[in-house]
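A short reminder: the numbers here are calculations on the coordinates, not readings from a lab. In this text, all values refer to a predicted model and were calculated from it rather than measured experimentally. All Cβ positions, glycine included, derive from the backbone under ideal geometry; neighbour counts span all protein chains shown.
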């Protein structure tokens, strides 16, 4: 009985530790949204409207156990640069750079200068598919509701990513509720939903993390062409 209780205690302790980590992550996210500096971090974080700048920044995994890139310096100026493409072999830290810029990961050191989190939109390789309506997939993390203006905008965004065919397939069109979109949509369709979210939000800054790797070449070219026109 003592061993069994001990095992349960260890399990509960592990859950409590994960909850604590989640709360810390939420606090960091709130700080980024408010434009505040994380007091526990060893780096200097500043907010800038027209620039993303990393100066001697260490890109490290969330637990700090692995440094993927050391003393990295990057600068993108919205007034002079059209964008930047980061290339390299698998595992070199490309995704880590983007996650650090948007505040999902904390840098190990250096100076990080970025727009506020509200001005950044990160499109991952595997977008999250929440429960809700087809329209909710595009407006995530917000609910689309039944507002005609919003639904019209959603339909327009689905057109730009070549997913208009999904609407007539659903019994209630854009307002069709589903709890399992992740298994009903292919990875290519999910990635196009991720791009539709970007077009719907139309933020000042977009960070794309191999977000069209499962999309056919012609559809990929069309989306990036629209992205170029949308952001310039």
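Summary table below
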{"read-out": "Residue 142 paired with residue 78, simple spin-label distance in nm, labels 7 Å along Cα-to-beta-carbon", "value": "1.8"}
{"read-out": "Tensor-based shape of segment 79-130 (alpha-carbon gyration tensor, a/c under 1.5 rounded, otherwise prolate or oblate)", "value": "rounded"}
{"read-out": "Segment residue 170-residue 183, extension gain: residue separation times 0.36 nm, minus the distance between their alpha carbons", "value": "3.2 nm"}
{"read-out": "Rounded, prolate or oblate (a/c below 1.5 giving rounded, otherwise prolate when a/b exceeds b/c) for segment 45-115 by Cα gyration tensor", "value": "oblate"}
{"read-out": "Rounded if a/c under 1.5, otherwise prolate or oblate - segment 179-232, Cα gyration tensor axes", "value": "oblate"}
{"read-out": "Average Cα contact separation per residue, segment 103-183, under 8 Å, 6 or more apart, as relative contact order %", "value": "36"}
{"read-out": "Convex hull per residue volume in Å³, alpha carbons only, for segment 36-185", "value": "164"}
{"read-out": "Contact order normalised by residue count of segment 123-230, Cα under 8 Å, 6+ apart, percent", "value": "40"}
{"read-out": "Sorted peptide list for 50-57, 210-217, criterion being average Cβ within 10 angstrom, highest first", "value": "50-57, 210-217"}
{"read-out": "Highest to lowest packing among 108-115, 135-142, scored as the average C-beta count within 10 Å", "value": "135-142, 108-115"}
{"read-out": "Rg(Cα)/(2.2 N^0.38 Å) for segment 123-230, N = residue count", "value": "0.98"}
